[in-house]
Amino acid sequence: AQSVAQPEDQVNVAEGNPLTVKCTYSVSGNPYLFWYVQYPNRGLQFLLKYITGDNLVKGSYGFEAEFNKSQTSFHLKKPSALVSDSALYFCAVRVLSTSGTYKYIFGTGTRLKVLA
Amino acid sequence: DAGITQSPRHKVTETGTPVTLRCHQTENHRYMYWYRQDPGHGLRLIHYSYGVKDTDKGEVSDGYSVSRSKTEDFLLTLESATSSQTSVYFCAISESGEFEAFFGQGTRLTVV
């Protein structure tokens, strides 16, 4: 089955330290991968995506993600965390359904808490 | 946010009653999706549409139906609401599978 996993329910990091939020995937074919962020009582906001090309993808708010095909991972990173980065983060993968159409499968989310 | 409007934003309904949630887009995107968000489960796909009158099931489609009679509107109906359908429902749109999806603000549904 095609899926995406976020192994950590919560990640705590001190402000100014680097952060990593983990994501692994299982899909057939070339993966299209996405990261989203959700602030309280809001919808999901797109951060970045990997379609093809460089394994290091840069996105909004200073976030980046590293695609690793051999480890089937797409970890979200930021060199220096801010308290305002505290939010819920979702990894997603695009999959091709049996009807030949596209849908997005999401992980269970990782709550990032940046401590001042 | 992209041009996506969900209505209502909040609703409380009784068990056994029908409920319809509306998603309206102004982006003319082909794909529209309905997800539900529950603690510990993340976002789970209910149904999606890839064109007018073209829909397909997601992973948690039981108890839900959808309709798309116009490009801009995608309706989610709970035929007979149950307490297990208490959740936050999100609509998303995408131009194609090549692009990211954009999300609405969500509808908080409580079934009592």
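The values are calculated or read from the model by the stated rules, or taken from the named source; none is laboratory data. Predicted model only: the values in this text are computed from it and were never measured. Counting neighbours? That spans all protein chains shown, and the Cβs are built from the backbone with ideal geometry, glycine included.
The figures follow:
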| quantity | calculated |
| --- | --- |
| Verdict on A:S28 being assigned to a loop (DSSP other than H, G, I, E, B), modelled with pLDDT under 95 and within 17 Å of B:L45 (Cα to Cα) | no |
| Which numbered condition A:Y61 fails, given (1) within 18 Å of A:P18 (Cα to Cα); (2) aromatic (F, W, Y); (3) modelled with pLDDT of 95 or more | (3) |
| Matching residues, region B:58-75, being under 18 Å from A:Y104 (Cα atoms) and either facing chain A (nearest Cβ under 9 Å) or in contact with a Cys (Cβ under 8 Å, 6 or more places away or on another chain) (or both) | B:G58, B:E59, B:F74 |
| The lone exception for A:K77 - which of (1) of a type outside the set (F, W, Y); (2) closer than 21 Å to A:I51 by Cα; (3) within 14 Å of chain B (Cβ to nearest Cβ) it fails | (3) |
| Residue among B:S94, B:S61 that is buried (at least 16 other Cβ atoms within 10 Å of the Cβ) and within 17 Å of A:A92 (Cα to Cα) | B:S94 |
| Any hit, region B:59-79, residues being at pLDDT below 95 and either touching an Asp or Glu at 6+ places or on another chain (Cβ under 6 Å) or within 28 Å of A:Q6 (Cα to Cα) (or both) | yes |
| A:A65, sole failed condition from (1) within 10 Å of the chain's Cα centre (by Cα); (2) in a loop (DSSP other than H, G, I, E, B); (3) not polar (S, T, N, Q) | (2) |
| Region A:1-17 residues that are without any contact (Cβ under 8 Å) to a residue 40 or more places away in the chain, paired with ones that are surrounded by fewer than 16 Cβ atoms within 10 Å (Cβ to Cβ) (beta carbon under 9 Å, 6 or more apart) | A:A1/A:S26 |
| Filter result for A:R94 (over 10 Å from the mean Cα position of the chain (by Cα), within 14 Å of chain B (Cβ to nearest Cβ) and not in a loop (DSSP other than H, G, I, E, B)) | yes |
| Number of positions in region B:11-62 that are assigned to a loop (DSSP other than H, G, I, E, B), hydrophobic (A, V, I, L, M, F, W, C) and farther than 14 Å from B:T86 by Cα | 1 |
